[in-house]
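Participant: Just passing along the structure, written as structure tokens.
The values are calculated or read from the model by the stated rules, or taken from the named source; none is laboratory data. All figures in this text were calculated on a predicted structure; none of them were measured in a lab. Here the Cβ positions follow ideal geometry from the backbone for every residue, glycine too, while neighbour counts run over all protein chains shown. Surface areas here come from the heavy atoms of the whole protein model, side chains and all, with no ligands, DNA or RNA. Shrake-Rupley method; radii C 1.70, N 1.55, O 1.52, S 1.80 Å.
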Amino acid sequence: MAGRDLEVDLGDLSFGEGAHLLVDRALRRASAARSIVRVRGTGASWRLDLDAWARAHGHSVTHESEAAIVVATPHGSGVATERAGLARATDPGAVHDAPPLRWGLAARGAQVEANAPEIPFLLASKRMVWADEAARLYAQAVAQQWDPAIAIPWNDPTELPDEVEDAVVSVMTYLVENETAALLVPARFLSQIHPHFREVMQLLAITAADEARHVEVFARRASLRRGGEIGRSTASGQRSLSTLLIEPDFATASFLLSVLGEGTFLDLLWFLRDHAPDPVTAEVVRLAAQDEARHVAFGLAHLSRHASEDSGLHARLAAAVERRHANLGDEGGLDPGVLDALVLLAAGSWEHDAIRRGHAAVVELVRRMDDGRQQRLRRLGFDATEAETLSSLHTRNFM
Ligand SMILES: [Fe+2]
Ligand SMILES: [Fe+2]
């Protein structure tokens, strides 16, 4: 006979009070393919309750005068299970290339019952979403979360000349709508990712939280001195951003948003930090840039990995840039008012020489943005000519 005979004395502990825990524990201790447990009790209905519990778990019971004999079926319920990969992503082979949909919401590494329902996650292959860097970037994001109420010197008394305040408000208004697009894109794909790719799911969730904070601080800076009177939203800006929202594919959406858009935004945020006329503006863009750098890093990491496994990816990414450019035509431009605001912030005054310097600084910013895009494109494996062409087709709206 396999397994060991174990004795369980329930005393007067009833099944309504948790007696099944002791029987179940004894069966698991016996743990062999066919284990037997001898149960005694003094409660009023323990034999009837034991029968009902055992039936529900697929065990059989025979009654003797002194005790009841419970014979366990393997795994209790009799339903077969399989392990959903290994719990830790760092273990070799832990993360499956194509986890079954029936693993669904189960913790990676859990024993999943074979009759679990299939949950139709659309992004269910490692190739489409994974980056080994996701766990590190998620941990970094958690450690670097900042509280807008504490991190930003909102009570700083700096009063700006009206026209400089106008420039800041105009840029902040523009930033809010761009950050809103940057929130909605990862949030949309988040619900499509198979939870087996936990670190990626977590990273997209905290990315959405980062963007929520960016929306908050830019909106708050916009109305800091003007109350509800903030800046303008242009049709061309929204037209450009709306093309990101409808991009159906995770790879092309991440490419357009993170590698091209957020990468370009990093240069913009650093420019604003360097030319900020007040500490609140300087701090909101500095903290947002710190988060954006992670968003760009993840986009580059998962697309590099994806490209290494899918020779057709480069062509699809390039086609996405060309399609977006063709759809926007000349209508995806940056609000000229935002561009003028950047010149004024960099100039710092209305003196001719200052304006000349401010204008040159913005020209230099646009050149640096183009440079950075080309560098990232080359990191993804595009050659120098492709990188130059694709960068030049990127939306004038920056994001
Ligand atoms: Fe952001
Ligand atoms: Fe971002």
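Participant: Under DSSP H, which helices of the chain have Cα atoms covering 30 Å or more of the helix axis and a Kyte-Doolittle average no less than -1.0?
Facilitator: 162-190, 198-222, 279-309
Participant: What is the mean projected area of the alpha carbon convex hull for region 5-71, to one decimal in square nanometres?
Facilitator: 3.9
Participant: At a threshold of 8 angstrom on Cα-Cα distance, excluding pairs fewer than six apart, so keeping six or more, what relative contact order does region 80-119 reach in percent?
Facilitator: 49
Participant: Further question: About the Cα centre, and with charges only on the beta carbon of Lys, Arg (+1) and Asp, Glu (-1), how big is the dipole of the chain? Nearest 20 debye, please.
Facilitator: Dipole size: approximately 1340 debye.
Participant: Answer with one residue from 222, 182, 105: the one whose Cα lies farthest towards the positive end of the charge dipole of the chain, charges on Cβ with Lys, Arg +1 and Asp, Glu -1.
Facilitator: Value computed over the given set: 105.
Participant: I would also like to ask the following. Per-residue counts of other Cβ atoms within 10 Å, averaged by peptide: what ranking do you get for 203-216, 303-316, highest first?
Facilitator: Packing proxy ranking, top to bottom: 203-216, 303-316.
Participant: Report in % the part of the accessible area of region 5-71 that belongs to carbon and sulfur, leaving out ligands and nucleic acids; probe 1.4 Å.
Facilitator: 50
Participant: Something else about it: In Å², and per residue, what accessible area does region 126-393 have when probed at 1.4 Å with the other protein chains present?
Facilitator: Ligands and nucleic acids excluded, the result is 42 Å² per residue.
Participant: Related question: Helix-derived [θ] at 222 nm for the chain: sum -39500 (n - 2.57) over DSSP H runs of at least 4, divide by residue count, nearest 500?
Facilitator: So the calculated ellipticity at 222 nm is -18000 deg cm²/dmol.
Participant: OK, next. In Å, what is the Rg of the alpha-carbon atoms in region 309-352, and how long is Dmax?
Facilitator: 18.2, 55
Participant: Let me ask something else. If you build the convex hull over the alpha carbons only and average its shadow over all orientations, what do you get for the chain? Give it in nm² to one decimal.
Facilitator: For the Cα atoms of the chain, the hull's average projected area reads 26.6 nm².
Participant: Summarise the accessible area of region 80-119 (1.4 Å probe, protein heavy atoms) by the percent that is carbon and sulfur.
Facilitator: 56
Participant: Relative contact order of region 126-393: what whole-number percent is it, with Cα pairs under 8 angstrom and at least 6 residues apart?
Facilitator: 26
Participant: How much of the pair distance distribution for region 1-149 lies past 26 Å, counting alpha-carbon pairs only, in percent?
Facilitator: Result: 50 percent of Cα pairs exceed 26 Å.
Participant: Next question. At what distance in angstrom do the alpha carbon centres of region 213-282 and region 323-337 lie from each other?
Facilitator: What the calculation gives is 16 Å, centre to centre.
Participant: Out of the DSSP beta bridges found with both residues in the chain, what percent are antiparallel (nearest 5)?
Facilitator: Looking only at bridges with both residues in the chain, the antiparallel portion is about 65 percent.
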